[in-house]
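The values are calculated or read from the model by the stated rules, or taken from the named source; none is laboratory data. Keep in mind the model is a prediction, meaning the values are calculated, not measured. Please note: Cβ atoms are built from the backbone with ideal geometry, for glycine as well, and neighbour counts cover all protein chains shown. With ligands, DNA and RNA removed, areas are computed over all heavy atoms of the protein, side chains included. Shrake-Rupley method; radii C 1.70, N 1.55, O 1.52, S 1.80 Å.
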Amino acid sequence: MAAVTSVTTTATRPGWLRQMRTKTRRLKLPWIPVAIVSTLVICAIFAEVLTSVDPREINMLEARMSPAVISEFFGGADANYSWSHPLGTDVMGRDMLSRLIYGARTSVLISLVALSFGMVVGTTLGLIAGYRGKWVDALVMRFADAALGFPTILVAMIIVVLLGAGMLNIVLAVMLTVWARFARMIRGDVLAIRELDFVTQAKIAGVSAHMIIARHIFPNIVNTLLVITSLQIGQVILLEASLSFLGLGLPPGEAAWGIMVAEGRTVIVDVWWLSLLPGLAITIVVLAFNFFGDWMRDTMDPKLRRA
Amino acid sequence: MQRYILFRGIQALFTLWILSLAIFLSVHLTGDPAQYLLGSEAGRTEYEQLKKNLGLDRPLYIQYIDFMGDVVRADFGKSHILGRSAREVLMERFPATLQLASAAFLIALVVGIPLGIVSAVKRDTPIDMFAKFFAVLGIATPGFWIAIMLILLFGAILGWLPTFGRGGLDHFVLPSFVLGWAAMAGMVRLGRSSMLEVLDSEYVKFARVKGLSERLVIFKHALKNAIIPLLTFSGLTLAGLLNGSVAVEVVFAWPGIGRLMLQGIQTRDFPIVQATVLAAGLFYILTALLVDILYAYVNPKIRYE
């Protein structure tokens, strides 16, 4: 009996596994970007678990320690480092590794919130504009054009003047520019979909406009929505970093990558890792998201290739 | 064509008006300028007196009419911090930004477009790989960070180039490269994809079948059509350079309006903020308008939409 069961399990399991494997292989997942994005998300969620060091804890006695991972191999005899700070410390003795991990959280949080708001507002307006057409469409698209083209930094600065610096204002500034991209693309899709037979039939059957939009049109734009979102994340992270760098976001001293780069700027010659590391983190993460977005676009919606 | 220009002109004016309204409201509704100027320790009478002097005790719509009059005359008042008229400071700083943006734009055009075209023509060769890599990196790296790293490398370590302020031609190298890189990356990408598409079209195939030399096919037939999308894009890029110029000006201590704008915000210097934001907005809107008209001129389809 035992032999039989073992035969059946070995017979079914590889089959099931093989199916999974061929499926994922056919998807051609970009493994490196996926790994980077996963790392980022894990850092953001489990920051407390990954490091026990407080990213804001100042310790002047341990200031300006160089990254141990580098100094161990390349540092001279006078190199000041310790393995308790694998990536070194900043001018106030704050642990770089811990600040980078908490910075990931800031980055993910702001981008996620801003992008979600932008997505909801943009999609809703895009759906309405595309479906209603005429002056509603014209009005929404004029505002979208203005928002799209207008320099984001300018928008952010106006908001900061209006409301003062802070996390919420970064979110608002990012949202104000992001919604238009969604609105434009979604509206384009809706214009094509609303001419299709099933929409006409729903209209004839007396289905209300918002039911048509929600039940018949929305499901058909989900792919586009996912693709735009994934293509936008990198840009949003970059924008958040720039605003933080300029001091338009979180207060100084907080763990955000943009702020960290700014803090290292004045001491770049002596304490080079201060700016180098967070900037590298931004670049790698944005690259990963961009590659991932390209992959999403190519897999889910080849017609967007040129957009 | 004239109707189109008129339509776009009105639209541009409308955008400008929205911008001015946003600025007016930002100063007059959310914050109290008199409060900012005096600080929290000021007495009640002082505060009332200042409000009267600034005209803040009048109804909002009258203040708005006044404000619009000032905007039209480009009179933004006196900077509290610098002690000079905001217009004067703006005029002094604007050329610096314009020069930097032009240099960056030129680099983007001169390097970006040929690289994109060559990358498409020599598809899948090392040149193509390099162009793609260069473009991908240009889009993903934050300009302010690249700026700092270049200062470290070329200024501090190698000592080849000046790293701050405005001066001779060598002062332009680092800031304009940093500012132009993202724009260049976009041009490489778009130039490549648009050239690839054109090379795949029927008429190019026909030209090849006809036995024209590859050189003639590319320069005489393909290039002209591949350039059109780049035209619109480059206009938008020029306007978009404003976006990056704030950070670049800050890092390189470039005395332009981007840095002035940021300083104005940090010191709550409203006349400066108003002047710089409106000037930047005007610059952007005019460029966009110009590009649209140029584009309609090149592409007749647009005019009749």
Would you point out which residue out of B:Ser102, B:Ser176, B:Ser119, B:Ser79 is farther than 30 Å from B:Lys220 by Cβ and touching a Gly at 6+ places or on another chain (Cβ under 9 Å)?
B:Ser79
Options B:Ala156, B:Ala140, B:Ala207, B:Ala120: the member that is open to solvent by less than 20 Å² (accessible area, probe 1.4 Å), over 20 Å from B:Asn243 (Cα atoms) and free of Cβ contacts under 8 Å to residues at least 60 places away in the same chain
B:Ala207
Residue pairs meeting the criteria (Cβ under 6 Å; at least 6 apart or on separate chains; first under 25 Å from A:Val222 (Cβ atoms), in region A:127-150; second of a type in the set (Asp, Glu) and in a helix (DSSP H, G or I)):
A:Ala129/A:Asp137
Considering B:Ser201, B:Ser213, which residue is hydroxyl-bearing (Ser, Thr, Tyr) and open to solvent by less than 60 Å² (accessible area, probe 1.4 Å)?
B:Ser201
Considering only helices (runs of 4 or more DSSP H) wholly within region B:230-305, the ones with at least 3 residues that are at pLDDT below 80 and away from chain A (no Cβ under 11 Å) are B:270-298, B:300-303
When you go through (1) within 27 Å of the chain's Cα centre (by Cα); (2) open to solvent by less than 40 Å² (accessible area, probe 1.4 Å) one by one for B:Phe233, which number turns out not to apply?
(2)
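Among the listed residues A:Ile284, A:Ile237, which satisfies the condition of being within 12 Å of chain B (Cβ to nearest Cβ), modelled with pLDDT of 90 or more, surrounded by fewer than 23 Cβ atoms within 10 Å (Cβ to Cβ) and within 20 Å of the chain's Cα centre (by Cα)?
A:Ile284
Results for (1) in contact with a helix residue (DSSP H, G or I) (Cβ under 8 Å, 6 or more places away or on another chain); (2) modelled with pLDDT under 80; (3) among the polar types (S, T, N, Q); (4) not in a helix (DSSP H, G or I), shown as yes or no for each residue.
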residue	(1), (2), (3), (4)
A:Phe73	no, yes, no, no
A:Ala77	no, yes, no, yes
A:Trp83	yes, yes, no, yes
A:Val91	yes, yes, no, yes
A:Leu100	yes, no, no, no
A:Gly103	yes, no, no, no
A:Ser111	yes, no, yes, no
Any chance B:Thr97 is among the hydroxyl-bearing types (Ser, Thr, Tyr) and either within 14 Å of another protein chain (Cβ to nearest Cβ) or touching a residue at least 40 places away in the same chain (Cβ under 8 Å) (or both)
yes
